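Undergrad: Okay, handing you the structure first.
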Amino acid sequence: MAIERTFSMIKPDATERNLTGKICAMLEKNGLKIIASRRTRMTPEKAAQFYSVHSERPFFQSLCDFMCSGPIIVQVLEGENAVLKNREVMGATNPEDADEGTIRKQFAVSLEKNSVHGSDSLENAKIEIDQFFTDEEIFS
Ligand code: CMP
């Protein structure tokens, strides 16, 4: 199995409820190592860039506004099959569809306020990591 890196974000609905530690513990319990982490805020420009793939979707503006509404935690995770593993640990995008034991099932409040983001492919993981971290900020 391949050791991969993926990008993870803890969203404003989760930082507001002080869930950062609980979410990190679930990532670590499932074999994902947090090799970079920073608490920050999205700017409108950064949110629009990060979610540009959704720019034509009806939820785009609301999503960008929400992502700028409070602090976020940006992270790089490393582990075996990290991209897929993180998506398994997160659960389905809509918490109503998420499996028991997943982060979104346990913590998400809605499709928009779904507590975490994770890269959907190795290619996008690299793009997303590069938007927030330099190589000098990542320690495996
Ligand atoms: P995320 O994994 O961060 O990627 C895009 C986000 O858009 C998604 O999580 C949801 O929080 C949000 N979103 C809001 N509405 C929708 C929708 N109808 N379909 C998919 N994603 C949505």
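Undergrad: Being crowded, with 16+ Cβ neighbours inside 10 Å and without any contact (Cβ under 8 Å) to a residue 12 or more places away in the chain narrows it down to one residue among Ala108, Ala92, Ala98, Ala82; which is it? Break it down into steps so the answer makes sense when it comes.
TA: Details: Ala108 fails: without any contact (Cβ under 8 Å) to a residue 12 or more places away in the chain; Ala92 fails: without any contact (Cβ under 8 Å) to a residue 12 or more places away in the chain; Ala82 fails: without any contact (Cβ under 8 Å) to a residue 12 or more places away in the chain.
Of the residues listed, the single one that is crowded, with 16+ Cβ neighbours inside 10 Å and without any contact (Cβ under 8 Å) to a residue 12 or more places away in the chain is Ala98.
Undergrad: Only one of Leu63, Leu111, Leu77 is more than 19 Å from Met26 (Cβ to Cβ) and outside any helix (DSSP H, G or I); which?
TA: Leu111
Residues checked against (1) of a type outside the set (A, V, I, L, M, F, W, C); (2) over 14 Å from Ile10 (Cβ atoms); (3) within 14 Å of the ligand (Cβ to nearest atom):
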{"residue": "Met42", "(1), (2), (3)": "no, no, yes"}
{"residue": "Ala48", "(1), (2), (3)": "no, yes, yes"}
{"residue": "His54", "(1), (2), (3)": "yes, yes, yes"}
{"residue": "Ile72", "(1), (2), (3)": "no, no, yes"}
{"residue": "Pro95", "(1), (2), (3)": "yes, yes, yes"}
{"residue": "Ala98", "(1), (2), (3)": "no, yes, yes"}
{"residue": "Glu112", "(1), (2), (3)": "yes, yes, yes"}
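Undergrad: Residues in segment 114-140 that are surrounded by 13 or more Cβ atoms within 10 Å (Cβ to Cβ), aromatic (Phe, Trp, Tyr) and not in a helix (DSSP H, G or I): how many?
TA: Total satisfying the criteria: 1.
Undergrad: Hey, another quick one. Can you name the number of the only condition in (1) more than 25 Å from Asn18 (Cβ to Cβ); (2) polar (S, T, N, Q); (3) without any contact (Cβ under 8 Å) to a residue 40 or more places away in the chain that Ser140 fails?
TA: (3)
Undergrad: Here's another thing I want to ask about it. Among the residues of segment 30-44, are any part of a strand (DSSP E or B), among the β-branched types (Val, Ile, Thr) and surrounded by 19 or more Cβ atoms within 10 Å (Cβ to Cβ)? Steps first, please.
TA: Of the residues in segment 30-44, the ones part of a strand (DSSP E or B) are 33-40.
Next, only the ones that are among the β-branched types (Val, Ile, Thr) stay: 34-35, 40.
If we keep only those that are surrounded by 19 or more Cβ atoms within 10 Å (Cβ to Cβ) as well, we get none.
Checked segment 30-44: no residue is part of a strand (DSSP E or B), among the β-branched types (Val, Ile, Thr) and surrounded by 19 or more Cβ atoms within 10 Å (Cβ to Cβ).
Undergrad: So Ile129 ticks every box in (1) among the β-branched types (Val, Ile, Thr); (2) in contact with a Phe, Trp or Tyr (Cβ under 7 Å, 6 or more places away or on another chain); (3) within 10 Å of the ligand (Cβ to nearest atom) but one. Which box is left unticked?
TA: For Ile129, the failing item is (3).
Undergrad: Moving on to the next point. Which one of these is surrounded by fewer than 16 Cβ atoms within 10 Å (Cβ to Cβ), among the aromatic types (Phe, Trp, Tyr), within 16 Å of the ligand (Cβ to nearest atom) and more than 17 Å from Asn124 (Cβ to Cβ): Phe59, Phe66?
TA: Values: Phe66 fails: surrounded by fewer than 16 Cβ atoms within 10 Å (Cβ to Cβ).
Unique residue meeting the criteria: Phe59.
Undergrad: Give the number of residues within segment 1-29 that are closer than 17 Å to Glu123 by Cα and either surrounded by fewer than 13 Cβ atoms within 10 Å (Cβ to Cβ) or in contact with a Cys (Cβ under 8 Å, 6 or more places away or on another chain) (or both).
TA: Residues meeting the conditions: 2.
Undergrad: To continue, here is another question. What are the pairs with Cβ atoms under 7 angstrom where one residue, in segment 1-30, is away from the ligand (no atom under 14 Å from the Cβ) and the other, located anywhere, is of a type in the set (Lys, Arg) and part of a helix (DSSP H, G or I)? Sequence gap at least six, or different chains.
TA: Asn30/Lys85
Each value in this text was obtained by applying a stated rule to the coordinates, not by laboratory testing. No experiment lies behind these values; they were computed from the predicted model shown. Ideal geometry is used to build each Cβ from the backbone, glycine not excepted, and the neighbour counts take in all protein chains shown.
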